[in-house]
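Report on one structure; see the data block that follows.
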Amino acid sequence: MPAHAPMPARMPAHAPAPQAASRRAFAPWLGQTNDVTSVFLAAGQIPDLINLGGGLPEPSLWPVEELADLAAEVIRSHPAEALGYGPIPGLPALRDLIAARCATPALRLTRDNVLITTGGMQALELVGKVLLQPGGTIAAQSPAYLGALDAWRPRAPRYRPMRIERNDHDPHAAMQGAQFAYTVPNFSNPSGRLVSLPERQALVAAAHATGTWLVEDDPYGVLYYEGEPLPRLLDLSAAGHAGSGDGPYDGPVVYMGSLSKELTPGLRIGWVIAAPEMIAALAAAKQGSDMCTSGLSQMLALRALQGGMTERIRPAILSLYRARRDALCAAMREHLAGDLDWQVPVGGMFVWATARDPRLDTDRLLHEGLAQGVCISPSSVFDPEGQDRRSLRINFTLNPPEALEEGCRRLARAIRATLAAAE
Ligand SMILES: Cc1ncc(COP(=O)(O)O)c(C=O)c1O
C-alpha cells in the first residue's frame, strides 16, 4: 500500500471488465490490479487492527499550533498568494528558497531548476507524463514504491528491474534505451535499503554515459537515524560530471523532495530539482494536472522553512522514530526470528523482511494477519509483475512500542497459520 495513505483507493479487482459497447466503461488499466487491493480496502473497517502495513507518520509530531498561527497570518498578510491562483511552477519565493537550501558549492541552482509540486506524488506522475510513451521502459530499483507504479500504470510501461545491491547489477545495461531510471536511494520504500556510495556513483555514471534521465526520489533523506547522510545522486552528478561549465545544474538527475516526512504530509508540498528543460516540461504537464499547488500550502511551507520549523522539530522526529525502529526490531527478534530474515534499516520508516520458508506466501499472510488483527504489506504489490510473494514490508513510525510488540506477536501466529495451511 502506498506510504502516504492508510489504504489505497484503487478499483477493486472484482470491478467489471470494461465492455466495448458500454457507455459507462472505464479505462482498462483500472482493472489491472490484484485482489490484495480489495483486501486492503476492507481492512480499514476491522476494529482494533494494528496497522503495520501503511507508511504514516506520527501525528503528535506535527507543530499544530504553530502551523495554525502561520495559516491565519499568511491568509491575512498575503491573501492573493495564499487564496488565489498562483504561477504554475510555484511561488517564486519558495522556488528560490528550495534552490538555496539544496545548492552546494558544486551544485549551482537557480529558480529555473525548481518546480513546486503537490506532494512528491505529483512529481512522480508528471515525470511519467513527460517521459513515457505508451509501453515505454522504466529501469526501476526493485522492489519499487507502489505509489510510483500506480502513477505510471495508465501509461502501461515495461519495467526493467534494477537489483542495485547485486554484484552482477549493470546499471549501464539497465538504463540503455529506457525512458528513465527510478531509484529511492535513501531507505527505499519498501525495502528500507540505503544505496551505497559506490552504487550511487555507478548509477550516476551510467545515467551520464547513456543520456538517460535518472529519477532520485528522496522523501526519506531527512530520516537518517545513524551516520552521516550519503551524497545525493544530484550532488554526485553535479560534482563529477562537469560539462555545463559554471552554469546552473543541467545534468540527467531529476531529484524529488517532499515536506511530508519532515513537516506534515497534509500540506502536500513537494519539489523537483532538475535541468531547466526538464522543469519547463514538467511545468507544462502540471498545468494540465492542477494548474498550481495550493498557494496557502506554499505560503505555509515558505514561512515554516524561513522560520527554521523543520530543523526545530527534526530532533524529536528522529528520536521517536529511532526508538520505534528499535522497538520493532527487538520485538521481531523475540517473535519472528525463526520465520523471517531482515536487516535493521539505518533510517526511513520500514523494515523489509523475507520468509525463510519458501512456502510462506505473503499474499496469504496478509489474509491470516488480518484474521489475527494485524496488517502488513505483502511484496507482490511492490513488484511490477506482482510475482514476488516471499517478503513483506513492516512500518514502525505510526505505532507505539507496545502496539509494535503486539503486532509482532499476532504476525507470528499468522505465519504459523499460513504455513499450516500450506502443508
Ligand atoms: C518513495 C516515495 N516517494 C514518494 C512519496 C510521496 O510522498 P508525498 O506525496 O507525500 O510527498 C512517498 C510517500 O510516502 C514515498 O514513499
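The values are calculated or read from the model by the stated rules, or taken from the named source; none is laboratory data. Keep in mind that what you see is a predicted model, and the values were worked out from it rather than measured. Note: ideal-geometry Cβ built from the backbone for every residue, glycine included; neighbour counts use all protein chains shown.
Some points to look at:
- Members of the range 275-308 that are within 16 Å of the ligand (Cβ to nearest atom) and more than 17 Å from residue 121 (Cβ to Cβ): 300, 304, 305
- Test set (1) under 14 Å from residue 415 (Cβ atoms); (2) among the aliphatic types (A, V, I, L, M); (3) in contact (Cβ under 8 Å) with a residue 60 or more places away in the chain - residue 349 fails condition number: (1)
- Of the residues examined, residue 266 is one that is within 14 Å of the ligand (Cβ to nearest atom), assigned to a helix (DSSP H, G or I) and at pLDDT 95 or above.
- Applying the criterion of being in a helix (DSSP H, G or I) and among the acidic types (Asp, Glu) to the residues of the range 279-332, the residue that is nearest to residue 403 (Cα to Cα) is 326.
- Candidate set from the range 25-72 (those that are β-branched (Val, Ile, Thr) and in a loop (DSSP other than H, G, I, E, B)); member that is farthest from the chain's Cα centre (by Cα): 46
- Residues (touching a helix residue (DSSP H, G or I) at 6+ places or on another chain (Cβ under 6 Å), in a loop (DSSP other than H, G, I, E, B) and away from the ligand (no atom under 16 Å from the Cβ)) located in the range 225-263: 225, 230, 241, 248, 249, 251, 252
- Every residue from the range 92-138 that is more than 16 Å from the ligand (Cβ to nearest atom) and among the aliphatic types (A, V, I, L, M): 93, 97, 99, 100, 103, 106, 107, 109, 130, 131, 132
- Every condition in (1) in contact (Cβ under 8 Å) with a residue 12 or more places away in the chain; (2) over 30 Å from residue 319 (Cβ atoms); (3) more than 16 Å from the ligand (Cβ to nearest atom) holds for residue 47 except the one numbered (1).
- Within the range 191-214, the residues that satisfy the criterion of being within 20 Å of the chain's Cα centre (by Cα) and either surrounded by fewer than 17 Cβ atoms within 10 Å (Cβ to Cβ) or farther than 14 Å from residue 164 by Cβ (or both) are 196, 213.
- Looking only at the range 334-349, and only at residues there that are touching a helix residue (DSSP H, G or I) at 6+ places or on another chain (Cβ under 9 Å) and over 24 Å from residue 221 (Cα atoms), the one that is nearest to the ligand (Cβ to nearest atom): 340
- Condition met for residue 310 (surrounded by fewer than 20 Cβ atoms within 10 Å (Cβ to Cβ), within 26 Å of residue 55 (Cβ to Cβ) and touching a residue at least 24 places away in the same chain (Cβ under 8 Å)): yes
- Qualifying positions in the range 383-404 - assigned to a helix (DSSP H, G or I) and buried (at least 19 other Cβ atoms within 10 Å of the Cβ): 404
- Filtering the range 37-90 to residues that are at positive phi and not charged (D, E, K, R) leaves only 90.
- Evaluation of residue 292 against the conditions (1) buried (at least 22 other Cβ atoms within 10 Å of the Cβ); (2) touching a Pro at 6+ places or on another chain (Cβ under 8 Å) shows that the sole unmet condition is (1).
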